[in-house]
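The values are calculated or read from the model by the stated rules, or taken from the named source; none is laboratory data. Every value quoted in this text rests on a predicted model; they were computed, and no experiment measured them. Glycine gets a Cβ as well: all are built from the backbone with ideal geometry, and neighbour counts include every protein chain shown.
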Amino acid sequence: MVQTFIETKTDQHLVLPGTWESFKHIQRGFEAAHGAKLSYYNGMIEILMPGELHAFFASVISYLMMTFFTEKRIPFKPTRDKDQEKAGEASAQADESYCLGDFKPIPDLSIEVVYTSGGINKLARYFALGVPEVWFWEDGALTLYHRRETGYERIPKSELAGLESLNIDHLQRCILLAETDWYGAVEAFRKGIES
């Protein structure tokens with residue numbers, strides 16, 4: 001049976017209880033469903049089909065982040081929505097993720113675009129996975145969290161090596177500008193990096 005998903009402007013989201021084994025079974029069933037994001041934590045399975053705006057903002061953030069890494073000559077590997085897993089405990093697929101330096105089993109930075117649900121309640125999942133920094137794009141703003149010994153702490157700027165100089169306010173403005181002026185947003189972002 002071929003499953004077809006209808007592209008919509010809004011996210012389609014489903015959360016259901018289940019075991020790790022049932023999550024892995026569902027994950028195998030969704031292998032051919034392009035764009036589906038599956039996650040698991042604390043006996044709950046989440047299935048998300050990102051909508052058009054969700055995908056748009058994830059792409060904008062990705063482009064600007066890779067521009068920053070490239071312009072600043074920061075070695076990185078984009079891992080996009082790669083499966084981040086700790087067997088039996090947690091699994092996540094961020095909208096964008098990056099390893100600083102070489103590839104690692106768990107990225108250094110995961111970025112989530114939030115439209116229908118999630119946000120900071122996903123931090124427990126990322127803590128279980130050991131992700132050093134998690135950013136959320138929600139309601140036109142970026143919120144950054146850095147992993148500490150007992151949980152995540154909200155921070156005003158990145159604490160990852162090389163990203164400390166990234167002006168988060170400027171990045172936010174350029175992400176929003178891209179909605180109406182893609183080229184202007186990229187040009188403004190580049191100028192901001194140079195200054």
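Kindly check whether there is at least one residue in the stretch 175-194 that is on the phi > 0 side of the Ramachandran plot, at pLDDT below 95 and either outside any loop (DSSP other than H, G, I, E, B) or out of contact with any strand residue (DSSP E or B) (no Cβ under 7 Å at 6 or more places or on another chain) (or both).
To start, the set of residues in the stretch 175-194 that are on the phi > 0 side of the Ramachandran plot comprises none.
So far as the stretch 175-194 goes, no, none of its residues is on the phi > 0 side of the Ramachandran plot, at pLDDT below 95 and either outside any loop (DSSP other than H, G, I, E, B) or out of contact with any strand residue (DSSP E or B) (no Cβ under 7 Å at 6 or more places or on another chain) (or both).
Hey, any hits in the stretch 170-189 for a residue that's among the β-branched types (Val, Ile, Thr) and either under 16 Å from Tyr98 (Cβ atoms) or touching a residue at least 40 places away in the same chain (Cβ under 8 Å) (or both)? Can you show your working first?
Applying the first criterion (among the β-branched types (Val, Ile, Thr)) to the stretch 170-189 yields 175, 180, 186.
Filter once more, so that each one left must be either under 16 Å from Tyr98 (Cβ atoms) or touching a residue at least 40 places away in the same chain (Cβ under 8 Å) (or both): 175, 186.
The answer is yes; a qualifying residue exists.
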Item to complete: Go through (1) without any contact (Cβ under 8 Å) to a residue 40 or more places away in the chain; (2) part of a strand (DSSP E or B) one by one and return the number of the condition Glu85 breaks.
Response: (1)
Discussion item. Any residue that is in a helix (DSSP H, G or I), more than 21 Å from Phe23 (Cα to Cα) and β-branched (Val, Ile, Thr) - is there at least one of those in the stretch 103-124?
Written reply: yes
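So, in the stretch 72-106, of the ones that are under 22 Å from Leu171 (Cβ atoms) and small (Gly, Ala, Ser), which residue ends up surrounded by the fewest Cβ atoms within 10 Å (Cβ to Cβ)?
At the first step, the residues of the stretch 72-106 found to be under 22 Å from Leu171 (Cβ atoms) are 72-81, 94-101.
From what is left, the residues that are small (Gly, Ala, Ser) are 94, 97, 101.
Numbers: Ala94: 25, Ser97: 24, Gly101: 12.
Across the stretch 72-106, the extreme among qualifying residues is Gly101.
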Discussion item. Taking the conditions exactly as written (charged (D, E, K, R) and either at pLDDT below 95 or out of contact with any helix residue (DSSP H, G or I) (no Cβ under 9 Å at 6 or more places or on another chain) (or both)), does Glu52 satisfy them or not?
Written reply: yes
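To keep it simple, each residue is scored yes or no on (1) touching a Ser or Thr at 6+ places or on another chain (Cβ under 6 Å); (2) in a strand (DSSP E or B).
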{"site": "Leu14", "(1), (2)": "no, yes"}
{"site": "Tyr40", "(1), (2)": "yes, yes"}
{"site": "Tyr63", "(1), (2)": "no, no"}
{"site": "Ile74", "(1), (2)": "no, no"}
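So which residues in the stretch 29-71 are closer than 23 Å to Ile175 by Cα and either in contact with a His (Cβ under 6 Å, 6 or more places away or on another chain) or of a type in the set (A, V, I, L, M) (or both)?
Kept after step one, since they are closer than 23 Å to Ile175 by Cα, are these residues of the stretch 29-71: 35, 37, 48-71.
Matches in the stretch 29-71: Leu48, Met49, Leu53, Ala55, Ala58, Val60, Ile61, Leu64, Met65, Met66.
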Item to complete: Looking at (1) among the hydroxyl-bearing types (Ser, Thr, Tyr); (2) farther than 19 Å from Phe68 by Cα; (3) assigned to a loop (DSSP other than H, G, I, E, B), find the lone condition where Ser158 falls short.
Response: (2)
Item to complete: Filter the stretch 138-183 down to the residues that are farther than 21 Å from Pro75 by Cα and among the hydroxyl-bearing types (Ser, Thr, Tyr), then identify the one that is surrounded by the most Cβ atoms within 10 Å (Cβ to Cβ).
Response: Tyr145
